Amino acid sequence: MTSLVVDGYTLGEKHKSYNKLVNEAVKNNPTQQITALNYDDPDLDNLYRIDVACNIKNVAYILEALKSEDMLYVSRVIKQSKWLITDHHYSSIINPDYLHNNLSPQMTTKAFNKLILHIRLNLEDEHRVEEFFNYYKEKDLQKSLKWLPRCSNTFIENIIRKHAHDIKPQIMNRLYKKSITFLEIFLRSFDNDCYHYKGDFIKPAMFLVKQNVEKFLDIVEESDEGYMPGFGPNSTKTAMENYSERILKNLEKYVHILHIPTFAKFIKNEDAKDFILTHIKNLNMRYWFNHQNIKYFLNRMPKEEVFDFIKKYFIEKSYDKDDLNGETWYNIVEQCSPYTRNASSSKSIYSWYNYAPFNRSFDDLIRLIRNESNPAERFLIFSVMLTCASSDMQNVLMILKYYREHHINEPFKFKMQFVNLLISKTDTHKYSNEAWGYLNELFNSMELYMTFDHNLQSCVRCIIVYNVINGKNIPEVLENKFVFENLDNKVKFTVEEREKIFNYLYKYLTRKIKNDLKTEKDFEESVNNIIEILNLLKSWNKDLKDYPYILQKIKELIVIKKENSWNQDLSSIYNVKKSWRKLLLSESILLNPAEDSCINALKYCPQLLDIYREEINTLFINDNMFLERFLLKIRIYWYQPLAKSIKTTLLKSLNQKSSHVALIKGICTLLSRKEILDFIQKYVPTEFKIDWSQPDNLELCIRKCIAKSMHIARPQPALTLALMYAKGDYIQYVLPSLNAILYNSSAAYICVHIPTLLNTPVYLQQHGIRAAFSKLKHEELKYTFSNIWKSNQNSTIRTVIFCQTFNKLCKETDESVILETWDLLSTFIENLTTDENKKIYLTLTKSNKVPLSVRGAFWMKSYDFLKKLPATANCNSLVDDLKSQMDEVMETLDADFMAKFCFENFDHQFTTQDYAYTYQVSLYLLSTKTETAQNERYEKIFIPILEKAIAMWNKQHENVYYARFNLNAILACMSREFESVVLKKNMMIPIAMYTAVLNKLRSSLPAVESYTILTNVKLSLGYMQILHDISTNAESDFTEKKGKNQDDIWTDLHANAAPIFGRLCLNYLKEDVKNHFPSIYFIFAEILDNIFSRYSKSDLLLIMLKEFLESKDFIEGYFLVMKLMPTYLYKDSEKVLRHDLLDIISHHPSEEVAMQYWLMRCLI
């Protein structure tokens, strides 16, 4: 097939001609056979084949094209085949299973990622999108959440309830566009403790105020004030237009989020006074009433009333009603007063005159000025006076006349401040001759017309504008002082005035243009001058084409620069305004030698590329500029003869001494596949040891640049070609290309080339191993790397294989793959030696990253290995790190392993010191979900401990009964951890274990010495049995738990258990008093206090104690209650209950109870 010929001179014409050819081919032969893509053919031929295939919906061809190694072709396929994604008929192809199992292994990484992105952006079928979500959810939740906005509403609601904390604001914003219901679900998904996060969820939803005001206001009223984002002007306007009455009725809730200037506009003028007085008395809103807020409501009042209102309430402070909730009106006025820097006696007076009419404020403010000695304060009063004067020229004249007559000798600093304020607040160009005379006298007093420096630009500009508009001459001294500014205030001046000002500024700048440029400095000044003129034209909305003189000067500058070979950058001239570039098209490459100018030449005048070939050739070797887009268009649309000419130029330029970076990148971009392969092979190093004594060697520079940039070629060169450079001293240069090629290669390609990668030096093998783990399936990995592990003893290779296997295990979610990967990693651990890289040992401590199903096995293997390492390995800290993660794997640890772990040096440890593994033993005994596992742990762990404690019960070491102490410590720890382990992790309540322990201790220990520990176990067993019975009965009542979080459920469980446990303990105490002696209540109380604080909540103690007072004849119960009665309480409900208990005790007829009662009341 002959190459496709596309007519056309410009890029647009070629596009049009090409599209016509494609449309004709589709129309004339819709079932034609399409030639396969060929990398040796021109790009335009391959793109033509792709476009025809996409138009006639040739699915087989498209799927094959997606596997192309050339991203240009793949991108074209993806762009042109949107129908493949959206049409339901092709769902057998566009689904996660087919894409990942059939297509992905054959596609390059970049191509597949782009395809998935295109699917995510264009697939609209909710059911199909949900398939993608569910597929990615198992592997990467964050990746799956990107698919969520296109799922069905019901599906989205369920996901939000489960993963509200994981959804990022960008995703939220897209969800809210579908339904405001999602916002409500988000907010309900957070506990009260996480309220501060809610603002992050509401902020992206603020646009919903316009769409659904009522529902958004519901959310505001249900929410806490602290996290509600503020409304903008538009949101406030929408809310007030639709629900103003609702907002005003509940103003406390809304006032901190509304945009106050907008909100104030909805308060009627006649209601503004009542609004202020009504709400300022509200204690809950008083913090809000400061001047920053109240000023908007003052401005709403009728102008003739506002100052009378202010004078009465805020200046004279005459408020005689007593309804301020303990605060004085003076304090309220202080809070509402405008802020001033100095809290002088006049502060609360003059600051309020901003609201007064000029005729009422002028005389009062004059009096304040006369009485004020501080010039800074006087200036502030004058600023208030100018505010009152507004734009009334007669008022301004009065102020100017007074200032001229009485304050012309103010210190320069404050006079300058006054004049600047006057210029900014008034239209000085409209002043009468009298007013301007006064102002001019102030300028003279500031020595503005003197040649020495009082260079006040605001004053200089003011005089220039006044003189220009009024047709007066501008003094030369001022023109010399003038620092150019556009002065383009469109509102302040009329059309005629604007024209006068522009003409002056234009002439001012053009007079500065030099015609004779002898030095580069003169040239630079002229360039800056032209840029100022262009900015002036742009600011004043003038068109450059109406100023041919400026265009001519620009062209002259270009000629002068070229003739003198000066380096001044002219691109700022070219980039002043985009629409002017067409006027400078012919000179664009000289003005702005950059890629955009070259592309513009292709679009509008390709002839410029020939005219300015020398300048363009310079760009090719400029390392700060890479013309990738330009060269790509040349390669596609001008492959003959322009592309050929540029190739020749680039290749010839290789002989020049330069860094060659941009040049090699250009060659890699422009050359076809065959050409680039020949080029790369031509420069393959023959000697891999670089002679560093000749760093400027031409071939060395070329080889280094090729090594760094070969991956830019399209399609990327073969891996084998990159490996030719990956030897000796060249490895450091080729690594970026090698990694880029490995990253982008398809899984099928990597699988074929694995033997090649693994037959390279060690420093390359590790890159190949990483690539293999990222691309290959677990079956291929297991076969390949298990063999390498057995045969290779190189530390670096073993470390890379081990760490990559570990990382794969941690990322995997498929349970069968997890088990197979763990099987491989387990084999590696078993074959580790004492000479491995420390990185492997460190990896063994990261059990918290391993999937739960194999975490326990990993922990045990790791512990066994690290424990066996010699002291020289210095790994004790790693063993300690591993032990610190033991809590997470307790449930899955093997009983025999734990027996070995716990009983190491057990005889000595348990009887002569604090037992080191008390915590671990306690957690392990509690962490079971089956009766079988609990029995096994009891028999293998707890029985040996009990037997040792019983056997050594009377043995002392340094006067300490360590066996007794350590057994008590284990039981105490089990009590403390009961809720966090058994209840919260849904483990089996150890009733059978505690029953067996109690029986064994009862039958083996003397009653007197073992009373404390036996009672401890008995009370623990009783409380557990109560919890078990309550939770078993509650399991069938789902309505009771519905809508409650887990913490609330446990709180209710303990609350229900407390009175039952109290009655049980009362019976136990009666039995003990009967069998022993009355004062045993004292010991019993200590044990009960410890047990209850470990198992239950402290605030439930009083509920439990109340049960002891039910038996009036049993005074030991009363004594126990008084002993355990808490002294300090914080909740009102607890104080009420304690009062009830004290009342019951106070009415007991026993004298002994009464005496104990009054002893206790000394403390409570």
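Bear in mind these aren't lab numbers, they're just calculated from the coordinates by the rules spelled out. All figures in this text were calculated on a predicted structure; none of them were measured in a lab. Virtual Cβ from ideal backbone geometry, glycine too; neighbours counted across all protein chains shown.
Residue order for Tyr725, Tyr1095, fewest other beta carbons within 10 angstrom first, comes to Tyr1095, Tyr725.
Using a simple charge model, +1 on the beta-carbon of Lys and Arg, -1 on the beta-carbon of Asp and Glu, nothing else, what dipole does the range 574-656 show about its Cα centre, in debye to the nearest 20?
320
What you get for the chain, charging only the Cβ of Lys and Arg (+1) and of Asp and Glu (-1), is a dipole of about 3660 debye around the Cα centre.
Peptide packing: for 786-797, 27-38, 279-290, the average count of neighbouring Cβ atoms within 10 Å per residue gives the ranking 279-290, 786-797, 27-38, highest mean first. Take each peptide in 133-146, 377-390, count the other Cβ atoms within 10 Å of every residue, and average; sorted highest first, the result is 377-390, 133-146. Considering only Cα atoms, the convex hull volume of the range 391-483 works out to 88 Å³ per residue. Only helices enter this figure: runs of n ≥ 4 DSSP H residues, each worth -39500 (n - 2.57), summed and divided by the residues of the chain, yield -19000 deg cm²/dmol at 222 nm to the nearest 500. Across the range 591-608, computed HN-Hα scalar couplings (Karplus, 6.51 cos²θ - 1.76 cosθ + 1.60, θ = phi - 60°) run 5, 10, x, 8, 4, 4, 5, 5, 5, 4, 4, 4, 6, 10, 7, x, 4, 4 Hz from first to last residue, x flagging Gly and Pro. Annotation for the range 1089-1164 versus the range 704-739: alpha-carbon center distance of 83 Å. Amide H contacts of His957: Tyr962, each under 5 Å away and 5 or more positions distant or on a separate chain (H built 1.01 Å from N in the peptide plane; Pro and chain starts excluded). Rounded to the nearest 20, the Cβ-based charge dipole of the range 490-591 about its Cα centre (Lys and Arg +1, Asp and Glu -1) stands at 360 debye.
Of the peptides 524-533, 1011-1020, the order by per-residue mean of other Cβ atoms within 10 Å, starting with the highest, comes out as 1011-1020, 524-533.
If you take the beta carbon distance between Lys1070 and Asn935 as r and set R0 to 35 Å, what does 1/(1 + (r/R0)^6) give as a FRET efficiency, to the nearest 0.05? Display every interim value, and only then the final one.
On the way: r = 34 Å, r/R0 = 0.96.
So, using R0 = 35 Å, E works out to roughly 0.55.
Taking the square roots of 5 times each eigenvalue of the Cα gyration tensor of the chain, largest first, gives ellipsoid semi-axes of 72, 59, 29 Å.
So if R0 is 45 Å, what FRET efficiency would Ser980 and Glu245 give, r being the distance between their Cβ atoms, rounded to the nearest 0.05? The formula returns an efficiency of 0.30 here. Working note: Cα atoms of the range 460-548, range along each principal axis, descending, whole Å: 41, 33, 16.
For the pair the range 553-630 and the range 207-279, the centres of their Cα atoms are 56 angstrom apart. Estimated at 0.36 nm per residue, the fully extended path between Asp308 and Glu556 surpasses their Cα-Cα distance by 82.4 nm. Applying a threshold of 31 Å to the alpha-carbon distances of Lys146/Lys777; Lys1000/Lys1106; Lys139/Lys708; Lys215/Lys312 flags Lys1000/Lys1106; Lys139/Lys708; Lys215/Lys312 as lying beyond it. Converting phi to 3J(HN,Hα) with the Karplus coefficients 6.51, -1.76 and 1.60 and the offset θ = phi - 60°, the range 515-528 yields 8, 10, 9, 9, 10, 5, 5, 4, 5, 4, 5, 5, 4, 4 Hz in sequence order, with x at every glycine or proline.
Less than 5 angstrom separates the built amide H of Ser223 from none of the residues sequence-distant by 5 or more or on a different chain.
Taking each of Lys14/Lys67; Lys430/Lys507; Lys110/Lys811; Lys538/Lys582; Lys237/Lys265 in turn, the alpha-carbon distance tops 19 angstrom for Lys14/Lys67; Lys430/Lys507; Lys110/Lys811. Residues in the range 699-712 carry Karplus couplings, in order, of 5, 4, 4, 5, 5, 4, 5, 4, 4, 6, 10, 4, 5, 6 Hz; the curve used is 6.51 cos²θ - 1.76 cosθ + 1.60 with θ = phi - 60°, and Gly or Pro positions show x. Fraction of C-alpha pairs exceeding 19 angstrom in the range 509-631: 49 percent, rounded to a whole number. Relative to the current alpha-carbon distance between Ser445 and Asn959, full extension at 0.36 nm per residue lengthens the span by 175.2 nm. Positive end of the dipole of the chain (Cβ unit charges, origin at the Cα centre): among Gly230, His1028, Met385, the Cα lying farthest that way belongs to Met385.
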